[in-house]
Amino acid sequence: MNYRHVYHAGNHADVLKHIVMMRVFLHLKKKDKPFLFLDAHAGTGLYALWGDEALKTLEWQDGVGRFYDPAGRAIPFAAECETLLEPWRQVIASVNESGQPLSRYPGSPGFALQFLRKSDRVLLNELHPEDHGKLAAFVSGDKRVTINEGDAAIAVKAHLPPPERRGFILIDPPYELDDEPRRAVQMLRDGHRRFATGAFALWYPVTGDGLARLVAKEAQALAMPKMLKAELLVREVIVDRGLAGSGLILVNPPWPLADELNMLGPALCKRLRQDDGARWSLDWLNAPD
Ligand SMILES: C[S@@+](CC[C@H](N)C(=O)[O-])C[C@H]1O[C@@H](n2cnc3c(N)ncnc32)[C@H](O)[C@@H]1O
């Protein structure tokens with residue numbers, strides 16, 4: 001396991017994933033009944049943007065860095081998009097000093113803990129021992145949280161369905177190993193078999209090696225009734241040139257999400273665009289009845 005998210009935190013892929021995640025949380029919170037957030041690949045929870053690791057790649061500067069000016073002020077979108085970004089922006093503001101340049105970016109656990117309610121439950125799974133240690137320190141004392149140092153595939157099987165019968169499951173692997181795309185889709189299948197009414201998000205990279213197409217094809221073949229694919233390319237896809245974009249397979253997305261993403265996606269694409277290959281797409285792989 002070489003992958004460390006600290007090198008990539010706040011990049012364009014994180015931005016898309018976390019904005020979508022916050023919209024899902026917001027819709028789940030509309031009902032009083034508590035829910036479970038199961039983060040199968042949690043990372044450490046919070047990242048320094050000026051630390052040695054982030055400075056090596058500077059990926060965040062073409063990600064969250066495009067949403068704030070050098071003084072840390074939000075660079076606004078049109079009002080209807082800004083409203084949709086508000087929960088994401090609020091959490092970023094809560095981990096940064098007002099009037100100062102952006103210095104920290106939350107990971108998925110960081111976004112969840114700031115935004116979820118006292119009654120909601122958060123299950124964070126992280127296999128890397130060092131990142132697990134940092135995560136444990138980050139969540140220390142928060143009674144909503146259980147953390148687990150194990151394989152994501154086992155966590156998904158072990159903890160679903162949740163007793164609350166409401167939940168959101170994030171599957172966000174690093175795709176370091178050859179079999180990881182298939183394992184990721186299997187996790188979605190196993191999770192959905194246990195908890196067919198849960199909301200799921202499976203993240204994937206677009207790298208020019210066919211991985212993105214494979215994940216989408218295999219996910220679609222699961223024939224789950226409500227499956228949406230949101231994909232954002234920030235540049236032309238070239239083999240062996242790294243991350244050109246990313247996507248999310250969303251199962252049982254809360255109903256307003258597709259409309260919201262139809263509005264937000266083109267604006268995000270414009271903001272994060274690196275060359276003429278930038279594209280936004282939103283497709284139902286299996287449409288609701
Ligand atoms: C893309 S990062 C997660 C980022 C995080 N979800 C966020 O949005 O802030 C993937 C994480 O999965 C962890 N990981 C890798 N293989 C794993 C496995 N088999 N089970 C659980 N975690 C794993 C890595 O150590 C890494 O922290």
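Placing +1 on the Cβ of every Lys and Arg and -1 on the Cβ of every Asp and Glu, with nothing else charged, gives region 51-157 a dipole about its Cα centre of roughly 460 debye. Comparing ASN262, ASN252, ASN125 in a Gaussian network model of the chain, where Cα atoms under 10 Å apart are tied by springs, the biggest mean-square fluctuation is seen for ASN262.
Have a look at the DSSP beta bridges in the chain and tell me what percent are antiparallel, nearest 5.
60
Here the Karplus curve 6.51 cos²θ - 1.76 cosθ + 1.60, taken at θ = phi - 60°, turns the phi angles of region 156-171 into couplings of 4, 6, 6, 10, 10, x, x, x, 5, 6, 9, x, 10, 10, 9, 10 Hz, with x standing for Gly and Pro. Taking the number of Cβ atoms within 10 Å of each Cβ as an exposure proxy, the fewest-first ranking of LYS134, LYS17, LYS157 is LYS157, LYS134, LYS17. Taking other Cβ atoms within 10 Å as a rough exposure proxy, VAL145, VAL237 sort from fewest to most as VAL237, VAL145. Backbone phi angles across region 34-51, fed through the Karplus curve with coefficients 6.51, -1.76 and 1.60 (θ = phi - 60°), yield HN-Hα couplings of x, 9, 9, 9, 10, 9, 6, 10, 7, x, 9, x, 7, 10, 7, 7, 10, x Hz in residue order; Gly and Pro are listed as x. Assuming a ≥ b ≥ c are the square roots of the Cα gyration tensor eigenvalues, decide whether region 1-124 counts as rounded (a/c under 1.5), prolate (otherwise, with a/b larger than b/c) or oblate. The shape class here is oblate. So, in Å, what gap is there between the alpha-carbon centers of region 21-38 and region 41-65? Computed from Cα coordinates, the inter-centre distance equals 26 Å. Among ALA184, ALA223, ALA136, which one shows the highest mean-square fluctuation when the chain is modelled as a Gaussian network with alpha-carbon springs under 10 Å? Most flexible of the set in this elastic network: ALA223. Our note on the geometry: Cα centres of region 253-276 and region 101-116, 21 Å apart. Legend: ranking of residues ARG104, ARG89 from fewest to most surrounding C-beta atoms inside 10 Å; resulting order ARG89, ARG104. Projecting the Cα atoms of ALA152, TRP50, TRP255 onto the dipole axis of the chain, where Lys and Arg carry +1 and Asp and Glu carry -1 at the beta carbon, places TRP255 farthest toward the positive end. Rounded to the nearest Hz, the phi-derived 3J(HN,Hα) couplings of region 143-154 under the Karplus curve 6.51 cos²θ - 1.76 cosθ + 1.60 (θ = phi - 60°) are 5, 7, 9, 10, 10, 9, 10, x, 6, 4, 4, 6, where x marks glycine and proline.
Using C-alpha pairs under 8 Å with a sequence gap of at least 6, the mean separation divided by the residue count of the chain gives a relative contact order of 20 percent.
Taking the helices alone, the chain has a mean residue ellipticity at 222 nm of -11500 deg cm²/dmol, built from -39,500 (n - 2.57) per DSSP H run of at least 4 residues and averaged over all its residues.
Under 5 Å between amide hydrogens, built in the peptide plane, is the criterion, and for SER103 it picks out GLU97 among residues at least 5 positions away or on other chains. Hey, quick one: spin label on ILE75, modelled 7 Å out along Cα-Cβ, who in region 253-276 has an amide N within reach, i.e. under 16 Å? 267-275, by backbone N distance to the label point. Full extension of the chain between LYS30 and SER98 yields a length gain of 21.6 nm, computed as 0.36 nm times the residue separation minus the alpha carbon distance.
Any read-out appearing in this document is the output of simple, stated calculations on the displayed coordinates, not a laboratory observation. None of the values given here were measured: they were computed from a predicted structure. Here Cβ is always computed from backbone atoms with ideal geometry, including for glycine, and neighbour counts include all displayed protein chains.
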